[in-house]
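*Asks:* One structure is given below, represented as structure tokens, and several questions about it will come after.
The values are calculated or read from the model by the stated rules, or taken from the named source; none is laboratory data. Since we're looking at a predicted model, the values are computed, not measured. Here Cβ is always computed from backbone atoms with ideal geometry, including for glycine, and neighbour counts include all displayed protein chains.
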2 protein chains.
Amino acid sequence: MLTPTASLIIKNASQLVTLHDPQKIGPKCGNLMTNLDIINNGAVAVNGSRIVAIGETNKLLKQVVLTRRAKVIDAERRVVTPGLIDPHTHPVFAGQRAAEFELRITGRSYMEIAEAGGGIISTVDAVRKATKNTLKLNGKRILDRMLSFGTTTIEAKSGYGLTTRDEIKQLLAIKELNDEHDIDLIPTFLGAHEIPLEYKNNPDDYVSLICNDMIPKVVARNLAVFCDVFCEQGVFSPKQTRIILQTAQAYGLKLKIHADELSNTGGAELAAEFDAVSADHLVFAGDEGIHLMQKAGVVPVLLPGTTFFLGMNQAAPARLMIEKGLPVALATDCNPGSSMTESMQIIMTLGCLEYKMTPAEVLSASTLNAAFAIDKGSEIGSLAPGKFADLVIWDAEDYREIPYHYGGNMVSSVYKKGVKVR
Amino acid sequence: MLTPTASLIIKNASQLVTLHDPQKIGPKCGNLMTNLDIINNGAVAVNGSRIVAIGETNKLLKQVVLTRRAKVIDAERRVVTPGLIDPHTHPVFAGQRAAEFELRITGRSYMEIAEAGGGIISTVDAVRKATKNTLKLNGKRILDRMLSFGTTTIEAKSGYGLTTRDEIKQLLAIKELNDEHDIDLIPTFLGAHEIPLEYKNNPDDYVSLICNDMIPKVVARNLAVFCDVFCEQGVFSPKQTRIILQTAQAYGLKLKIHADELSNTGGAELAAEFDAVSADHLVFAGDEGIHLMQKAGVVPVLLPGTTFFLGMNQAAPARLMIEKGLPVALATDCNPGSSMTESMQIIMTLGCLEYKMTPAEVLSASTLNAAFAIDKGSEIGSLAPGKFADLVIWDAEDYREIPYHYGGNMVSSVYKKGVKVR
């Protein structure tokens, strides 16, 4: 074995949570590992942007050669984990919907909220009026917060433009934020987020616009990796969803679905049929859908912040999915209407308290499984030689303190591709 | 009217949330004000540690004379509120109980958790073994986090020592933290937090120890303002609680009660009978208890973080209390077992989502009503001439964004007694 050269070493971690066990990682998606493959008194060696070695501190220090200007960081009494990954977000928008939040608390119905100017359409109005630069400025504030809470990679959706021009404006903002910000953004085209008002009476025409105009242009400009559809009663029917997914697939986009969020519409089954990379929400997913997702290797992305924020009594069947061997991932669903948060830490707490996932499960779900949910499992999400050096050092000696210590920020520092960014 | 002199002005706030309407504030406790008395484009003038004027920016700037070295801060597009007040915390302890959190999620019973080394008694063990300086170091980390989340005053309880020596050790740590830290700590003696193991078979003897040894010594050393009792089945009975409260009252301590947290034991009624300053938890408080509290002017301190963290289905009857005219306050209950958080912001969100309080109500509950809950309503909790200049500038244009934006930290900066501390 060649002696690795290191430009950065983080050593003496009370727990180096690697999630690295090659035996347990399948070709397509990570297992839901309750064994986090923790190295006590662990160290990680980095050269440039990538990890070159992991191991027990004393052993690792003997194995690597330091570059002349190498940095050695002491993480004594601190946990080190992979950077958090947030695989479902809507971070580029304008305005806020705090008034709608207030109305919902006082028991107002969705219709009353819409009449009072709330709902997705209110954000669509604001986004259409905003310039790309305004969207970027707003997005940057959100990304800054995400980074401060330990998130190093996110998936980022369009879906508040709902015209070809405004969807592309949102995707351009996402692209430029990806270029300029420390956080990596994986772009998803979500023209099928809602039927815009001007198509309320002829939604199939909007589906045609998506398929014949939006998708071709988005793909031609290389603005999206994924295509996503909000498959739900009153939004896009399974039939419409199928048309959009077929088109997106033909154009080479990878697929995601907003599935079974508010009712069981067969979204999980559809995700399996189309070999989607992930199916998201899944609050009302049934046994058959879960079984088919497992067979097809679709990653379930659960959003406990959304059910919490919307005051829903029902939780996604996380425990059933885990029992069936699905690699559950978690995400913030960061958006101004149904989940206004940037913190994967509160999502981990909610995963524990509301979805009955263990601290080990929520950490897997926010790192390695989240990486597979955006098809980046080979590059990020665990600490292993060859992977990007995306790391968080925590103000905690035991990883279980991260979800246990709720509503705050337990991050001590954040490294993105080997560089300290927080 | 004399022209006020100002050493600090914070101007142009999109909303200056004053909570200052002399018409609405009773002699003992603040009303639960849904009208926050907001001044748009507001300003606050401070001289030294105290507020000297509030008003619309242009008017206020004409009314005050600046000292030579005065600072003028522009809070444009930002909300300014009183510093948050956390009127129920247990911030001085040793160890953590993340393993117990994990056990609870997996459905283990209280008995199993106690057998696995959890429960209050496990923290008592750790605190008895810790030095005062260790307790202070641990407490300082918690206070630093509280301050970063906008809290400027807290109530702080003992109750993890359960011997005279160890209770005094905890109270001394609290006293020294109060001297050294920017946050003001109001000390509460809570020797009656749990029956220590050595008294399990003769709890009345422990009550005698509290009354005949602890309280006299605590009072002689001037280490507490309040005395609190955990009145609950299996902890201190109403009869034992009464004995302790009578003794504390005779020694000049003000009173608080952990009342009706896990069952209705008549704690609310007892609080009213003893004219306690606050009754806390109140998850199972009944109509009669609420009525008596209202008549006696007892402030209800609700702890939605605790019911959330313990996965309890029942919420305190916040809406009923508000309808009955009680000035509801909120607190973190910051402690390692049942509510490991330092953030009043997540508590405000939980007040909205779980207790159905409006954003205006949770802000009143975390400022002015919280001040009355620790008998400091005349000094802090609202922005009014004469009060201490404890202020938070928020990264929000509308106060409703504070609870709406959940799980994060919306603080831009914090002033304590006129000094920028964050």
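*Asks:* For the condition farther than 20 Å from A:ASN335 by Cα and in a loop (DSSP other than H, G, I, E, B), what is the one hit in A:GLY55, A:GLY95, A:GLY107, A:GLY118? Quick ask: steps written out before the conclusion?
*Replies:* Working: A:GLY55 fails: in a loop (DSSP other than H, G, I, E, B); A:GLY95 fails: farther than 20 Å from A:ASN335 by Cα; A:GLY118 fails: farther than 20 Å from A:ASN335 by Cα.
Among A:GLY55, A:GLY95, A:GLY107, A:GLY118, only A:GLY107 is farther than 20 Å from A:ASN335 by Cα and in a loop (DSSP other than H, G, I, E, B).
*Asks:* Still on this structure: Of the conditions (1) modelled with pLDDT of 95 or more; (2) not polar (S, T, N, Q); (3) not in a helix (DSSP H, G or I), A:LYS62 fails just one. Which one is it?
*Replies:* Unmet for A:LYS62, out of (1) modelled with pLDDT of 95 or more; (2) not polar (S, T, N, Q); (3) not in a helix (DSSP H, G or I): (3).
*Asks:* Right, another one. Can we say B:LEU197 is buried (at least 21 other Cβ atoms within 10 Å of the Cβ), more than 25 Å from A:ASN409 (Cβ to Cβ) and of a type outside the set (Ser, Thr, Tyr)?
*Replies:* Numbers: buried (at least 21 other Cβ atoms within 10 Å of the Cβ): no; more than 25 Å from A:ASN409 (Cβ to Cβ): yes; of a type outside the set (Ser, Thr, Tyr): yes.
No.
*Asks:* Which residue pairs have Cβ atoms under 7 Å apart, sit 6 or more places apart or on different chains, and have a first residue in region A:35-49 that is outside the structural domain of A:VAL65 (by TED's automatic domain parsing) and a second that is not charged (D, E, K, R)?
*Replies:* none
*Asks:* Find the residue count for region A:298-313, including only residues that are away from chain B (no Cβ under 14 Å) and either out of contact with any strand residue (DSSP E or B) (no Cβ under 9 Å at 6 or more places or on another chain) or free of Cβ contacts under 8 Å to residues at least 40 places away in the same chain (or both). Before you say what the answer is, go through the steps one by one.
*Replies:* Taking region A:298-313 as the starting set, the residues that turn out to be away from chain B (no Cβ under 14 Å) are A:298-302.
Filter once more, keeping what is either out of contact with any strand residue (DSSP E or B) (no Cβ under 9 Å at 6 or more places or on another chain) or free of Cβ contacts under 8 Å to residues at least 40 places away in the same chain (or both): A:298, A:300.
Residues that pass the stated criteria total 2.
*Asks:* Mind checking which helices (runs of 4 or more DSSP H) fall wholly inside region A:332-422 and carry at least 2 residues that are within 12 Å of chain B (Cβ to nearest Cβ) and in contact with a Phe, Trp or Tyr (Cβ under 9 Å, 6 or more places away or on another chain)?
*Replies:* Values: elements: A:344-353, A:359-365, A:368-373, A:401-404.
It comes to A:344-353, A:359-365, A:401-404.
*Asks:* Further question on the same structure: Take the conditions within 14 Å of chain A (Cβ to nearest Cβ) and not polar (S, T, N, Q) and apply them to B:ILE142. Does it pass? Explain how you work it out, then say what you get.
*Replies:* Values: within 14 Å of chain A (Cβ to nearest Cβ): yes; not polar (S, T, N, Q): yes.
Yes; evaluated as a whole, the condition is true for this residue.
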